[in-house]
Structure formats: C-alpha cells, structure tokens
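K.L.:
I am attaching a structure below and will ask some questions about it afterwards.
The values are calculated or read from the model by the stated rules, or taken from the named source; none is laboratory data. These figures come from a predicted structure and were not determined experimentally. In this analysis, Cβ positions are derived from the backbone assuming ideal geometry, glycine residues included, and neighbour counts consider all displayed protein chains. In case anyone asks, the SASA skips ligands and DNA or RNA and just uses the protein heavy atoms, side chains included. Shrake-Rupley method; radii C 1.70, N 1.55, O 1.52, S 1.80 Å.
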Amino acid sequence: MTDVAALIDRHLPAARSGDRRAFAALVAATQGTVASIALAIVRDVQHSEDIAQDVYLQVWGKLDELRNPDSFLPWLREVTRNRSRDFLRRSKVRPGDAPNADPDAVLARLASADRADDALELDERRRALDTAFDQLPAEAREVLTLYYREGESTAQVASLLGLRPATVRQRLSRARKALTAGVERALAGKLVRTAPGAAFTAVVAGLLTTASPP
C-alpha cells in the first residue's frame, strides 16, 4: 500500500463523519494529484488551483455518499476531470492559448542587439515546448505533470492514477518522444516564417541599381 492509500484509509472514516482536520489531511495527501490533473487539462497554474479548490468543496459536501473507501481516489480524479472540462467549456480561452511571437519583431530585436540574445532564444524554445506540450493527449499530459511533481516516481504516478507502472513508463516514453519531435517542428516553423522572401529580393535588386557591376 502506498503512502497516499494509507493516509486515505487512515483519515477517510473521520472525514466522512464531518471531521475537518481529517479531510484536511486527505487534501494534503491528494492535492498534488488533483492540481496536476487539472493543470494537464486547462494548462494554467492559477486556474488549475482554483479548480482543485472547487473539487475539494464539492467532494466535502458529498463525502457521506461515498460507500467504498477504495473509490475515493478514482472519484476524486473523475470530479477533477469533469470540473476542468466544465471550466474549458465556460471559458473563452482555450488551453495553452498565448500570443505567438511575431517573427519580424524577433528579427528586429536580434538586429538591434550587439550580440546574440540568449534570453530570446530560451524564450523561443519555451514557447515551442509549450506548443508541443499542448498537442499531447490529455492522458500523456497527466502522466508527465504528475511524474515530475511527484519526485519522478513511476510507481507513485501509477498508484495515483490507477494505472500499472508499465503503462506509466510507456506513456512517459511516448510523451517524451512526442515532445522532442514537437519542439523541433515548432522551432522549424518559426525559422521558416522568418526566412527572407520576395521583399528581401526586391530590396537587394534595388540596391543593385546603384552598385558597380562586377
């Protein structure tokens, strides 16, 4: 039995009887799971924490309806996913939405710098990573988020999500490969958009009219 499962078994009976301290212990034991699942769906830390708070308020109000203690964690996951999807339906902002960097603005900043701007390059990579992460399936985002928040333990993630460790390892492997490929595609797309085109050719052609021939 994992630490989380043991804590649930220990505090759930009292929490069902209305013990707020016992329920607070359940929150402390599971809040990482709830917030990570919400974050994987809505892609915003603050919104994910707001959703997690709503989830616990809803669960607290219906805790006496829980018949099987083993169902607590699956129930918590289900409520979290439903609340997160409800949030997306009500919100006009889609998960991962962010203004894309204007290639012309990026080039202008580069041209005005005395040297290569490492911070700008890092920002572009972060944007590319965000884009690649957003394109992962929700189940892959859940596994990745929990894996790094729970100390990189596949066994812990498997227990929290009700999966086999082998399934967690498989999803992690696929997600990492997809992220690598996604970042490469995103960066490649940005580079393509910043490539000189017809306007650049026209400028050079105009300069040639005043330049000495070879």
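K.L.:
For ALA28, which of the numbered conditions (1) among the hydrophobic types (A, V, I, L, M, F, W, C); (2) surrounded by fewer than 21 Cβ atoms within 10 Å (Cβ to Cβ); (3) farther than 18 Å from SER159 by Cα; (4) without any contact (Cβ under 8 Å) to a residue 40 or more places away in the chain fails to hold?
P.N.:
If we test ALA28 against (1) among the hydrophobic types (A, V, I, L, M, F, W, C); (2) surrounded by fewer than 21 Cβ atoms within 10 Å (Cβ to Cβ); (3) farther than 18 Å from SER159 by Cα; (4) without any contact (Cβ under 8 Å) to a residue 40 or more places away in the chain, just (3) comes out false.
K.L.:
Check ALA52, ALA40 and return the single one that is within 25 Å of the chain's Cα centre (by Cα), at pLDDT below 90 and either more than 25 Å from ARG85 (Cα to Cα) or part of a helix (DSSP H, G or I) (or both). Spell out the reasoning first.
P.N.:
Numbers: ALA52 fails: at pLDDT below 90.
After applying the criteria, what remains is ALA40.
K.L.:
Check LEU146, LEU136 and return the single one that is at pLDDT 75 or above, surrounded by 13 or more Cβ atoms within 10 Å (Cβ to Cβ) and not in a helix (DSSP H, G or I). Walk me through it before giving the result.
P.N.:
Working: LEU146 fails: not in a helix (DSSP H, G or I).
Answer to the selection: LEU136.
K.L.:
Under 6 Å between Cβ atoms, at least 6 apart or on separate chains: pull out the pairs that start in the stretch 133-161 with a residue that is more than 21 Å from ARG85 (Cβ to Cβ) and polar (S, T, N, Q) and end on any residue that is at pLDDT 85 or above and open to solvent by less than 40 Å² (accessible area, probe 1.4 Å).
P.N.:
The qualifying pairs are THR154/VAL168.
Conditions tested, residue by residue: (1) within 24 Å of ARG164 (Cβ to Cβ); (2) without any contact (Cβ under 8 Å) to a residue 40 or more places away in the chain; (3) open to solvent by less than 20 Å² (accessible area, probe 1.4 Å); (4) not in a helix (DSSP H, G or I).
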site	(1), (2), (3), (4)
LEU7	yes, yes, no, no
ARG21	no, yes, no, no
ALA24	no, yes, no, no
HIS47	no, no, no, no
GLY61	no, yes, no, no
ASP70	yes, yes, no, no
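K.L.:
Looking only at the stretch 162-175, count every residue that is farther than 20 Å from ALA38 by Cα and without any contact (Cβ under 8 Å) to a residue 24 or more places away in the chain and tell me the total. Break it down into steps so the answer makes sense when it comes.
P.N.:
Residues of the stretch 162-175 that are farther than 20 Å from ALA38 by Cα, as a first pass: 164-167, 169-170, 173-174.
Still in the list and also without any contact (Cβ under 8 Å) to a residue 24 or more places away in the chain: 164-167, 169-170, 173.
Selection size over the stretch 162-175: 7.
K.L.:
I'm trying to understand the selection: among the residues of the stretch 9-19, which are open to solvent by 70 Å² or more (accessible area, probe 1.4 Å) and either among the basic types (Lys, Arg) or outside any helix (DSSP H, G or I) (or both)?
P.N.:
ARG10, ARG16, SER17
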